[in-house]
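Each value in this text was obtained by applying a stated rule to the coordinates, not by laboratory testing. Here the structure is a predicted model, which means the values were calculated and not measured. When we count neighbours, we look across all protein chains shown, and the Cβ atoms used for this are built from the backbone with ideal geometry, even at glycine.
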Amino acid sequence: MLEEFKKYFWIAKAISRLALSTQKEVVVRFLTAKKKYLPDGKTKAHVDDILKCALCPNMCRFDCPVLQAAKSETYAPAGRARIAYLLEMGRVSSQDAVDLMYACAACSACQQWCPFDFSVDDLLIGVRRDLVDRNLAPEMLMGIRDQIVNSHTIYQNSRTSLGLEPREADILYVAGCTVLNKERVIAQTTMKILEKVGIAVTTLPEEWCCGAPLNLLGFENDFKEFAARNADIIEKSGCKKMICSCPECVYTFKDVYAEAGFPVKADVMHTSEYFLELIEQGKIQLKELNKDLVYHDPCVLARKLHIIEQPRRVLEAIPGVSVREPPLTREHTRCCGIGGLLAMTNPELSVTLLRARDSELCELADTVVTACPACKIAFKRTRNSESRDLSEIVFESMNQ
Amino acid sequence: MSSENTTGHTHGSDYEIVYPQTPLSAEQKEQILVNLQKIVGKRNVSHRELDRLSYSRDYWPIALRWMLEGKVPALPEFVVWPETADHISRIMRMANEENLAVTPFGEGSGVLGAAIPVQGGIIVDMKRMNAVLALDDTNLTITVQPGINGMNLERFLNQKGYTLGHIPQSLYCSTLGGWLACRAAGQFSTKYGKIDDILISLEAVFPQGTIIRSKPVPKSSTGPRIDMLLLGAEGTLGIITEATLKIWPYPEKRVLQSYVFSHLEEALESIRIILRRGIFPAVARLYDQVETERHFYRTKKTRGKCVLILILEGDRELVDLEGSVSHAVCTEHGGISVGEGPAAHWLETRFNVKEISEFTPRDVVFDTIEVSVMWDKSMELYQSMISAMKSIDGVIIASAHASHFYPQGVCFYFTFGGTPMTGSPTDFYQTVWDAAMKACLHAGGSISHHHGIGILRSPWVQQELGSSLEVLRTIKKALDPEYVMNPGKMGL
């Protein structure tokens, strides 16, 4: 409060020099004018913040992967905010405008340059919730919603467990939908690493999606149902620590559930954090592995969870491994193209993003290591580089 | 797609168009669309309402206000993304045949309306021409396409061990083409020069489709520089399609200095002497008392004073020497050193552009005006422009800092903010600008140092340029007889 007062003292001082009647009018307008530029009814979108974003000169645009791929003003972050504002005010209503609200990689690259600390994906979630409430959500996305709600995972013909019997354990491992259905090798290596060092670990008999896609797409009520069920089942597992291979799962369980009123009663960790803990305790013994690698920071892991050092320290602990850093690295990492369900909502843009990122990585090493199953799958698709998860490299080193 | 009529309202959407146009017939539209698709390919043309809306504005503050009032500045008929100079040449030939306006677009960060398609027509967005073509260490040059974003260009150079030295506050949100078209200046320009100093040569397309390439040489005396016609022309005389620029090795050392002065005159005199002695700080910024209070309230010693910040950078030994001479000059002229703090604070916060976002929805009309003047008239210009702005009913704040310096003079960057007591915000805005421009011209200043003319400054161009404007109009008519290139701008 004091800081705010100091910050605006120069304005207060200038206003104090005006005639008393003018002072009053200026202050009243300053405090009340905004209301007439906001929607009359209640919205789930924070239109006040969207307006700030729409009135910005786009200071984050150079780092927005979607804009850099589309190379069209329509996809500029403040441009999307402007259309969001016009949608919320009822001044535009086209399907194109609605579809644009989903053209975001949810990578939060924008946030690091934003003077208001906004992330465009956070702003857009509110708009999407309003679109859902007004029955304007695109049909294709309704299909995704139905798939998740009915099958408890985003993947069709899917698996929702590792097929292991639950057992008494201190650690709960939640693989996540992508690992269960597309990258089981990550779960297998993770479980083998833990078994090898004698950690008692259990899994859920039926893993439901963490709900991140529902939350991202604005299906707030469905998301809350998933959050309530998952928070309850995690508590019932009795485990005080829970590890996940997917950064989006960690972020959702740890931060988004708490914000939605369903805090998870366990210490939620990403596998990279836990592996480092075990290495530092001397439980994981790593052997020489002669490999040149380039590490790709997953956006959610680096920017939303601030887990940047841990995966690097795991890799540095492996004798013989040489880790290269791409030009856009750590908190300045660039999206692989999969984030924010972009591969579903805007497949062409997603591929452009992926190719751009992969070409940066391929220049540095033949093998890309990452710590997110979705990123790993993305890099496998380009076939320019070998794509591995951190758990696979750790497991390979332990078994040399 | 909604189709707007001449009254400026659209069917299916609810907004008013400030510069409405008679729409093309469906047949004309279809024919032009097909022709454009033949030139650039289907994926590089759009006539969707969403895209047209997205290119309906730039960062002209009053046009941003219009958004709150349910207005859209202007809608182009088509948006085109060329990939080569030949594409642009063919677009220009077609535009001449069809008598369609062509407005070039970079990233829309201009603050005077220059990129608003006031006569509809075609927006030529340069973003898909953003490649780095060559980096030459021996000649210290980079050749690049103009659609590249400023920060992405600077990031590329930094990774290779260089800098362009052109760091405007719009670095993150503007393109090289925009800088050249508006004769931009960066915050580090006192050392590295303005974009016109940094340019070596260019390739461009003139309004009737002719492509020119100037030769990349450090200097020649082979007649007037035709390529220079494009600099500051804001897209009214052609479109730049490639540029070779000077680059610098990334500075080895950076020294930050901050001083407080009791009077603006003393601080201005210090900078004049520093430059006269042949020292060119990369950054020199001098804030009047109001702006000092606004930006440096955290440093107690700045209260009631004017802050001067200097940033010297380059070769280690030279920078050390420049730092000690600058320090001596400032202290001899009444400056008191307050350490690195204010300079470091400026460095850290220089891209925090929040004012328009914060104040516009509160009905505070806010803008900046940058002008230049010779040293002997600098204080007169400062005082008369501040007085002129303050004299307008409703102005709450009128302040300035000096941000670019030369051995011969200075650029002042004024800020005004206020709430119109009577009349519309647009009228209030125009009235303050009018008062400021008149005061500037009366004091012998130039009405723009580095933002350009656009729509807003057009009414004062005649007074600024005098008979030169007639010459410029003759050139315009010769090069662009159909007036297709960015019409309605610069008083042309």
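Evaluate peptide B:281-294: per residue, the Cβ atoms of other protein chains within 10 Å of its Cβ; return the mean as an integer.
Values: counts 0, 0, 0, 0, 0, 0, 0, 0, 1, 3, 1, 1, 6, 7.
Average per residue, whole number: 1.
Whole-Hz Karplus ³J(HN,Hα) for region B:110-118, in order, using 6.51 cos²θ - 1.76 cosθ + 1.60 and θ = phi - 60°, x for Gly and Pro?
Coupling constants for region B:110-118: x, 10, 10, x, 5, 9, 7, x, 5 Hz.
So who's got an amide H within less than 5 Å of the one on residue A:92, skipping anything under 5 residues away but keeping other chains? H placed 1.01 Å off N, in plane.
Distant-sequence amide H within range of residue A:92: A:87, B:14.
With each pseudo-label sitting 7 Å past Cα toward Cβ, what's the residue A:359-residue A:331 distance in nm, one decimal?
2.9
By how many nm would the segment from residue B:331 to residue B:34 grow when fully extended, if each residue of separation counts as 0.36 nm and the alpha-carbon distance is taken off? The partial results should precede the final answer.
Numbers: separation 297, 0.36 × 297 = 106.92 nm, distance 6.80 nm.
100.1 nm is the gain from fully extending residue B:331 to residue B:34.
Please identify the longest segment of chain A free of exposed GluC sites (Glu not before Pro), where exposed means a DSSP state other than H, G, I, E or B and no more than 14 other Cβ atoms within 10 Å. Can you show the working numbers first?
Numbers: sites that count: A:168, A:206, A:288, A:363.
The longest such stretch corresponds to A:1-167.
Under the Karplus relation 6.51 cos²θ - 1.76 cosθ + 1.60, θ = phi - 60°, what is the ordered set of whole-Hz ³J(HN,Hα) values for region A:259-276, x standing for Gly and Pro?
Along region A:259-276, the couplings run 5, 7, x, 10, x, 7, 8, 7, 7, 8, 10, 7, 4, 4, 5, 6, 4, 4 Hz.
For region A:11-44, which trypsin sites (Lys or Arg not before Pro) are both in a DSSP coil and crowded by at most 14 other Cβ atoms within 10 Å? Spell out each step's value before the answer.
Numbers: sites: A:13, A:17, A:24, A:29, A:34, A:35, A:36, A:42, A:44; in loops: A:17, A:42, A:44.
Passing both the DSSP loop test and the Cβ count: A:17, A:42.
Kirkwood hydrodynamic radius of region A:38-137 from all distinct Cα pairs, in Å? Intermediate results must be reported in sequence, preceding the final value.
On the way: mean 1/r = 0.0754 Å⁻¹.
The Cα-based Kirkwood calculation yields 13.3 Å.
Quote the FRET efficiency, to the nearest 0.05, computed for residue A:22 versus residue B:340 with a Förster distance R0 of 30 Å and r equal to the Cβ-Cβ distance. It would help to have the intermediate numbers written out before the result.
Details: r = 41 Å, r/R0 = 1.35.
Between residue A:22 and residue B:340 the formula returns 0.15.
Show me, bin by bin at 10 Å from 0, the whole-percent P(r) of region A:220-330 based on Cα pairs.
For region A:220-330, the pair-distance distribution reads 14, 37, 29, 16, 5.
How much length is gained if the chain between residue B:213 and residue B:22 is pulled fully straight, taking 0.36 nm per residue apart and subtracting their Cα-Cα distance, in nm to one decimal? Mind showing how you got there, number by number?
Details: separation 191, 0.36 × 191 = 68.76 nm, distance 3.69 nm.
Additional length available on full extension: 65.1 nm.
Name the residues whose placed amide hydrogens come within less than 5 Å of the amide hydrogen of residue B:367, ignoring near sequence neighbours (fewer than 5 apart) on the same chain.
B:416
Mind checking the full-extension length gain between residue B:374 and residue B:463? Use 0.36 nm per residue of separation minus the Cα-Cα distance, one decimal, nm. The partial results should precede the final answer.
Working: separation 89, 0.36 × 89 = 32.04 nm, distance 1.79 nm.
Taking 0.36 nm per residue and subtracting the Cα distance, the gain is 30.3 nm.
Which parts of region A:301-326 would a label at residue A:400 reach, counting a residue when its backbone N lies under 12 Å from a point 7 Å out along Cα-to-Cβ?
In region A:301-326, the label zone of residue A:400 (backbone N under 12 Å from the point 7 Å along Cα→Cβ) covers A:316-322.
Helix A:347-362 versus the longest principal axis of chain A: what is the Cα-based angle in degrees, 0 to 90, to the nearest 10?
60
Report the rotationally averaged projected area of region B:132-249 based on its alpha-carbon convex hull, in square nanometres.
Numbers: hull surface 28.3 nm².
Quarter of the Cα hull surface area: 7.1 nm².
Kindly rank B:361-368, B:218-225, B:122-129 from highest to lowest mean number of other beta carbons found within 10 Å of each residue. Present the calculation step by step, with values, prior to reporting the outcome.
Details: B:361-368: 19.9, B:218-225: 7.6, B:122-129: 26.1.
Packing order, densest peptide first, comes out as B:122-129, B:361-368, B:218-225.
For chain B, calculate the relative contact order in percent as a whole number, restricting contacts to Cα pairs under 8 Å that are 6 or more residues apart. Could the numbers behind the result be given before it?
Numbers: 1027 pairs, mean separation 68.6, N = 492.
Averaging sequence separation for qualifying contacts and normalising by length gives 14 percent for chain B.
Magnitude of the Cβ-charge dipole of chain B, K/R +1 and D/E -1, about the Cα centre, nearest 20 debye?
Working: 47 positive and 54 negative charges, 120 e Å.
Approximately 580 debye in magnitude.
So how do B:457-465, A:50-58 stack up, highest first, on mean other-Cβ count within 10 Å? Walk me through the numbers before you get to the answer.
Details: B:457-465: 17.2, A:50-58: 25.1.
The peptides rank, most packed first, as A:50-58, B:457-465.
Using only helices, what value at 222 nm comes out for chain B when you add -39,500 (n - 2.57) per DSSP H run of length 4 or more and divide by the total residues, to the nearest 500 deg cm²/dmol? The partial results should precede the final answer.
Working: 17 runs with 168 residues, N = 492.
Computed ellipticity for chain B at 222 nm equals -10000 deg cm²/dmol.
Once every DSSP H run of n ≥ 4 in chain A is given -39500 (n - 2.57) and the sum is divided by its residues, what mean residue ellipticity at 222 nm do you get, rounded to the nearest 500 deg cm²/dmol?
Details: 21 runs with 194 residues, N = 400.
Per the formula, -14000 deg cm²/dmol.
Hey, what did chain A get for relative contact order, percent, Cα under 8 Å, at least 6 apart? Present the calculation step by step, with values, prior to reporting the outcome.
Values: 668 pairs, mean separation 56.7, N = 400.
This gives 14 percent for chain A.
If one takes the longest principal axis of the Cα atoms in chain A, at what angle in degrees, from 0 to 90 and to the nearest 10, does the Cα axis of helix A:139-151 lie?
The helix A:139-151 is inclined about 40 degrees to chain A.
If R0 is 60 Å, what FRET efficiency do you get for residue A:258 and residue B:427 from their C-beta distance, rounded to 0.05?
That pair, residue A:258 with residue B:427, gives E of 0.75.
Rounded to whole Å and ordered largest first, report the semi-axes of the equivalent ellipsoid of chain B derived from its Cα gyration tensor (root of 5λ).
Details: eigenvalues 299, 156, 77 Å².
That gives 39, 28, 20 Å for the three semi-axes.
With everything on Cα atoms, drop me the angle between helix A:20-32 and the longest principal axis of chain A, reported from 0 to 90° to the nearest 10.
40
Excluding residues on the same chain fewer than 8 positions from residue A:34, give the aspartates and glutamates whose Cα lies under 14 Å from its Cα.
A:48, A:49, B:69, B:358, B:363
Taking only Cα atoms of the protein assembly as shown, what ratio of Rg to Rh do you get with Rh as the Kirkwood inverse-distance radius?
Ratio of gyration radius to Kirkwood radius: 0.98.
Shielding by partners for B:63-71, please: the mean number of other protein chain Cβ atoms within 10 Å of each residue's Cβ. Walk me through the numbers on the way to the answer.
Details: counts 0, 5, 2, 0, 9, 10, 2, 4, 1.
Rounded to a whole number, the mean comes out at 4.
Based on the Cβ-Cβ distance from residue A:142 to residue A:49, what FRET efficiency comes out when R0 is 22 Å, to the nearest 0.05?
0.25
Given labels modelled 7 Å from the Cα in the Cβ direction, how far is it in nm from residue B:250 to residue A:292?
2.2
Rounded to the nearest 5, what is the percent of antiparallel bridges among the DSSP beta bridges in the protein assembly as shown? Intermediate values should be presented prior to the final figure.
On the way: 62 of 93 bridges.
Restricted to the protein assembly as shown, the bridges split so that about 65 percent are antiparallel.
If you average 1/r over all unlike Cα pairs in chain A and invert the result, what Kirkwood radius do you get in angstrom?
Working: mean 1/r = 0.0440 Å⁻¹.
For chain A, the Kirkwood estimate is 22.7 Å.
What average number of partner chain Cβ atoms lie no more than 10 Å from the Cβ of the residues making up B:347-357?
Across the residues of B:347-357, the mean count of other-chain Cβ atoms within 10 Å is 4.
In whole Hz, with x marking every Gly and Pro, tabulate ³J(HN,Hα) for region B:216-221 from phi via Karplus 6.51 cos²θ - 1.76 cosθ + 1.60, θ = phi - 60°.
Per-residue couplings from phi come out as x, 9, x, 5, 8, 10 Hz.
If every alpha-carbon in region A:282-398 counts as one equal scatterer, what log10 I(q)/I(0) does Debye give at q = 0.09, 0.15 1/Å?
Values, matching the q order: -0.23, -0.61.
Could you check the simple spin-label distance between residue B:441 and residue B:320, using points 7 Å along Cα→Cβ, in nm with one decimal?
5.3
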